[in-house]
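Everything below concerns the one structure shown next.
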Amino acid sequence: MENNLIEKAAKILTQGGLIGLPTETVYGLAADARNETALKKIFTAKGRPSDHPLIIHIGSINEVNDWAKEVSTDAKKLMTHFWPGPLTLILKKQDQVLEIITAGQDSVGLRMPNHPLALSLLKQFGHGVAAPSANQFGHLSPTCAEDVSEELSNKVDLILPGGQTEIGIESTIIDARTHPFVILRQGAITKSTLEHVLNQKVLLKEQTDSNLKVSGNLLNHYAPRTPLLLLSTSELKNLDQEIQNQAIFIIHSNLSLPKQCKVVTLPNDAKSYAQEIYKSLRQADRQKAKWIIVEKPPKGEFWDAILDRLQKAAKKIAL
Ligand code: TXA
Ligand code: MG
C-alpha cells in the first residue's frame, strides 16, 4: 500500500506535478527541482513572490554535489552529523541549478528531511525536489496532511499522509559559506549544538549585516488570519475585560485568567510547545475570535526560535 503510494508520488513528480511532502519539521510543497514548469506551479499555488528562493530536499549525501560546489569540510561535518534532520545548509550553487530555485542568487539551500515517507519518495524519485512549506505565502506552516489540504486543496496533486510532524517549526538555516557560519533562521538545532559539533563559533544573522533573502524574515510571516498579539505574562494579567472577552488565549504558564476567557494551555517545555504551536494557532483561527493573544515564551535557545516565529506572526498594534 505504502509502496504504491510512493510510486504514485514519484510518478507525479516525474510528470511535473506537486506533492504534499511530510517532513519532521513542517509539510512541504514539492516539485522536481530540475523542472522549471513544475517549480513555477509552486509559486502560483502558494501566491509566493518569485524573489524567494526554495530549499532543495535530497535523499542522500551523494546528491549534494549535483546542486552545490566548494562544500567545505565543516559543511560536510554538519551534514554527516545532522542529516537526515532539521538543518538546511546554504552553499555555493552548481551552475545548472535553475534560477527559479535560487531567486537569481549564487547560493542554494539543501536539506535531507528526516521522515520515512519523504526519504522513501526521494530515494524512489532519485533526484532532489524543491519544497517550501505547503502554506499560502505568509500564512502558518502546515503540520499535518489536513492542514496542507486546507491551505492548498486542489492545487496539490497528492498529499502523502505522514501524520503530525515531530518538530513543528521550520528547519534551522545556516549559511555554510561564510567564516564563521551564520544562522539565518533559528530552529530545533540550536546555535550551541552547532558550535559544539563544529568546535567553533557560529553567529546569528542579527549579529551580522547579512542581507540574504530569507522570506521568513519578512515581517508578518508564519501568521494566522486572526490578528495575533504577543504579550508578556504581566501584560496578560492587566487586559481590559472587553479584550478578554473577545480573545482566545494561548498560554504555557500557570497563569490563571478569568473564568469567561477562552484559554488554550500548551506545554511549558520548548520541544513540546513547538510541536503544538502552529496547530493551536490554526485551531484558534477557526474560532473567529477578534484576537489571538499569545503569552510571550521564556528565554532559551529553542524558545528563541519559537519567539522568532511568534514575533513575525504578531501584528504591531497597540491595544
Ligand atoms: O523545515 C523547512 O525548512 C521546511 C520543510 C518543508 O523542509 N521548508 C521551509 O521552506 O520552511 P520555506 O521556503 O517556507 O522557507 C525556506 C526559507 C525561505 O525563507 C527562503 O528564503 C530561505 O529558506 N532560503 C532558501 N534558499 C535560500 C538561499 N539560497 N539563500 C538564503 N535563503 C534561502
Ligand atoms: Mg515557509
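Numerical summary
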read-out	value
Index of the failed condition, Glu99 passing every other in (1) under 29 Å from Thr143 (Cα atoms); (2) in contact (Cβ under 8 Å) with a residue 12 or more places away in the chain	(2)
Residue match in the range 134-145 (condition: assigned to a helix (DSSP H, G or I) and of a type outside the set (S, T, N, Q))	yes
Residues (of a type in the set (Gly, Ala, Ser), within 16 Å of ligand 2 (Cβ to nearest atom) and either surrounded by fewer than 16 Cβ atoms within 10 Å (Cβ to Cβ) or at pLDDT below 85 (or both)) located in the range 189-234	Ser215, Gly216
Residue satisfying all of: in the range 104-137; under 18 Å from Lys279 (Cβ atoms) and within 10 Å of ligand 1 (Cβ to nearest atom); surrounded by the most Cβ atoms within 10 Å (Cβ to Cβ) among these	Ala134
Cβ-Cβ under 9 Å pairs, at least 6 apart or on other chains, the range 109-133 side in contact (Cβ under 8 Å) with a residue 40 or more places away in the chain and assigned to a loop (DSSP other than H, G, I, E, B), far side within 14 Å of ligand 2 (Cβ to nearest atom) and among the acidic types (Asp, Glu)	none
Which numbered condition Leu39 fails, given (1) assigned to a helix (DSSP H, G or I); (2) farther than 30 Å from Gln186 by Cβ; (3) at pLDDT 95 or above	(2)
Any hit, the range 286-296, residues being over 25 Å from Leu204 (Cα atoms) and among the aromatic types (Phe, Trp, Tyr)	yes
Residue selected from the range 11-27 under the condition in a helix (DSSP H, G or I) and farther than 11 Å from Leu160 by Cβ, by the criterion nearest to the chain's Cα centre (by Cα)	Leu13
Filtered residues of the range 269-302 (kept if over 15 Å from Pro142 (Cβ atoms), in contact with a Pro (Cβ under 8 Å, 6 or more places away or on another chain) and surrounded by 18 or more Cβ atoms within 10 Å (Cβ to Cβ))	Ala270, Tyr273, Ala284, Trp291, Ile292
Residue that is assigned to a loop (DSSP other than H, G, I, E, B), surrounded by 18 or more Cβ atoms within 10 Å (Cβ to Cβ) and touching a Pro at 6+ places or on another chain (Cβ under 6 Å), where the choices are Gly168, Gly162	Gly162
Gln186 being buried (at least 22 other Cβ atoms within 10 Å of the Cβ), under 30 Å from Asp209 (Cα atoms), touching a residue at least 12 places away in the same chain (Cβ under 8 Å) and in contact with an Asp or Glu (Cβ under 6 Å, 6 or more places away or on another chain)	yes
The range 232-268: number of residues that are in contact with a helix residue (DSSP H, G or I) (Cβ under 9 Å, 6 or more places away or on another chain) and either of a type outside the set (Gly, Ala, Ser) or farther than 22 Å from Gln287 by Cβ (or both)	14
Residues within the range 64-108 that are under 18 Å from the mean Cα position of the chain (by Cα), closer than 28 Å to Gln164 by Cβ and outside any strand (DSSP E or B), tallied	5
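Residues checked against (1) of a type outside the set (D, E, K, R); (2) in contact with a Ser or Thr (Cβ under 8 Å, 6 or more places away or on another chain); (3) outside any strand (DSSP E or B):
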| site | (1), (2), (3) |
| --- | --- |
| Asn254 | yes, no, yes |
| Asn268 | yes, yes, yes |
| Ser272 | yes, no, yes |
| Ile277 | yes, no, yes |
| Leu281 | yes, no, yes |
| Val294 | yes, no, no |
| Pro298 | yes, no, yes |
| Ile306 | yes, no, yes |
| Lys312 | no, no, yes |
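The values are calculated or read from the model by the stated rules, or taken from the named source; none is laboratory data. Note that the coordinates shown come from a computational prediction; the quantities given were computed from them, not determined experimentally. Neighbour counts are summed over all protein chains in view; Cβ atoms, including those assigned to glycine, are modelled from backbone coordinates with ideal geometry.
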